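Every read-out reported here was derived from the displayed coordinates using simple, explicitly stated rules and does not represent laboratory data. The shown structure was predicted, so the numbers you read here are calculated from the model rather than taken from an experiment. Cβ placement follows ideal geometry from the backbone for every residue including glycine, while neighbour counts extend to all protein chains displayed.
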Amino acid sequence: MGQQGYKVIEGLPSQMPYQVYYQEGIYAVRDAGGQERPLKYYVVIPTQGNPMGSRGDDSARFPTIVYCQGSGWHQQWLYHHLAHHVRMAERGFVVVSVEVRPYGETVFPGEVDDFLDAVQYVHDRAAEMRVDAGRIAFWGDSSGAHTALMAAYTAPAELTPQCMVDWYGPADLELLSTQRSSMELHGPESPAGRLLGGIELADHLDLARKASPVSYVAPDATIPPTLIMHGGADPLLPFEQSAALYDCLRLAGKDVEFYRMEGDGHGGGAFDNEEVLDIVEVFLRRNLG
């Protein structure tokens, strides 16, 4: 009874190797003029096909991505790349997306310190998050890539990642002081200028160099393998920013891969393509195991 007219589907195999479990929380609290300023995170965890809502096997450990969301160093919208993160979790990676303070609340390197505190939080709670602490990558886009790059290239040994994924991040702020785009790049009110305390980059090249990932690349420096992807028609952040980082890493003899997304903009549609996530996954698995 009550079953007339229904249609039957049977025999379909699962096309997702993992289901996922999602949780969010606070990894640190900062003082903001006498008020508490929580810094948030969310984590997406593979559950190996366990029922919806299940955290899965307590003993399972997965390679892990700690992600910094780009925002022009403004307040982040932490969930902007949640769809990408779910897809990577479906491929077998824990993904932890972390909030850092924007300019106005901190100046460089405060946001880098926040990110590294989040990485320490992930290490400290590896069992709870199903993290394999020996297989951690950093990944960021735009200003978040700058933060993640700075963290990856300057972290203490115990927090240095096994590899780094840079999506169209600023890499050479000294070079940025001479470049043009569809937005203001280097004045006191520009995102980079405000990151450094409200300065004109060209007038403070020492600070610009200090805040540039390229400044920390040297043949004898510990630099994790780096994957760079940047739109060839990026109207906001010149493609030459990533080209400068690539050249610097290559000349220093470091492990680097570089993809020019021909015709694409600042995180344009090509970055939402499964083929791009395939490239990221291959890179991660080569370096994380």
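General remarks:
- Residues of the range 152-169 satisfying the condition of being of a type in the set (D, E, K, R) and either outside any strand (DSSP E or B) or surrounded by fewer than 23 Cβ atoms within 10 Å (Cβ to Cβ) (or both): GLU158
- Being out of contact with any strand residue (DSSP E or B) (no Cβ under 9 Å at 6 or more places or on another chain) and free of Cβ contacts under 8 Å to residues at least 12 places away in the same chain is a property that GLU174 lacks.
- The condition of being surrounded by fewer than 19 Cβ atoms within 10 Å (Cβ to Cβ) and of a type in the set (S, T, N, Q) holds for only one of THR222, THR226, that being THR222.
- Only a single item in (1) touching a Lys or Arg at 6+ places or on another chain (Cβ under 7 Å); (2) in a helix (DSSP H, G or I); (3) buried (at least 18 other Cβ atoms within 10 Å of the Cβ); (4) aliphatic (A, V, I, L, M) is not met by ALA192, and it is number (1).
- Single condition LEU185 does not satisfy, out of (1) touching a Pro at 6+ places or on another chain (Cβ under 9 Å); (2) within 18 Å of ASP255 (Cβ to Cβ); (3) part of a loop (DSSP other than H, G, I, E, B): (2)
- Of all residues making up the range 102-132, the number that are under 17 Å from the mean Cα position of the chain (by Cα) and either small (Gly, Ala, Ser) or on the phi > 0 side of the Ramachandran plot (or both): 2
- In the range 241-289, the residues that are in a loop (DSSP other than H, G, I, E, B), small (Gly, Ala, Ser) and within 21 Å of PRO161 (Cβ to Cβ): ALA252, GLY253, GLY289
- Any hit, the range 129-151, residues being assigned to a helix (DSSP H, G or I) and surrounded by fewer than 18 Cβ atoms within 10 Å (Cβ to Cβ): no
- Pick from the range 244-265, criterion out of contact with any strand residue (DSSP E or B) (no Cβ under 9 Å at 6 or more places or on another chain), surrounded by fewer than 16 Cβ atoms within 10 Å (Cβ to Cβ) and among the small types (Gly, Ala, Ser), ranking: farthest from ASP278 (Cα to Cα): ALA252
- Top-ranked residue in the range 170-182 [being of a type outside the set (S, T, N, Q) and in a loop (DSSP other than H, G, I, E, B); ranked as surrounded by the fewest Cβ atoms within 10 Å (Cβ to Cβ)]: ARG180
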